1. Quick one: would you say residue 26 is closer than 24 Å to residue 9 by Cα, at pLDDT 85 or above, open to solvent by 70 Å² or more (accessible area, probe 1.4 Å) and of a type in the set (D, E, K, R)?
2. Look at segment 53-102 and say how many of its residues are open to solvent by less than 70 Å² (accessible area, probe 1.4 Å) and closer than 19 Å to residue 39 by Cα.
3. Take the residues in segment 9-21 that are within 16 Å of the chain's Cα centre (by Cα) and touching a residue at least 24 places away in the same chain (Cβ under 8 Å), then tell me which one is surrounded by the most Cβ atoms within 10 Å (Cβ to Cβ).
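The values are calculated or read from the model by the stated rules, or taken from the named source; none is laboratory data. Just so we're clear, the structure is a prediction, and the values are computed from it rather than from any experiment. Ideal geometry is used to build each Cβ from the backbone, glycine not excepted, and the neighbour counts take in all protein chains shown. Note: accessible area is taken over every heavy atom of the protein model, side chains too, but ligands, DNA and RNA are not part of it. Shrake-Rupley method; radii C 1.70, N 1.55, O 1.52, S 1.80 Å.
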Amino acid sequence: MTAFEDTLRSGYGFDGPSVTLGAALEGTTVHPAPKVCIPLAMVNRHGLVAGATGTGKTKTLQVMAEQLSAQGVPVFMADIKGDLSGVSQPGQPSEKLTARTA
């Protein structure tokens, strides 16, 4: 186990309901375990999802909202640009999506 993995385990090694954000990335190495999570008890605080165009901000918010809703937590998202409006609708397959998931 590397020092990075030790740090992940100490920071995300908790029990109980949580929202899973995904795997940690160290340089180009993906660490599939432990998953990067936020305990539900911490989600009532302020947060910031920031990044350049195309870095996954919208998808991160969609994943968080979906998981919170599935755990019975009411979700309200102000969507000025309309990027999140499709989250209430079932996804539709596309050539780009099919190629990416393959």
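1. yes
2. 11
3. Going through the qualifying residues, I end up with 19.
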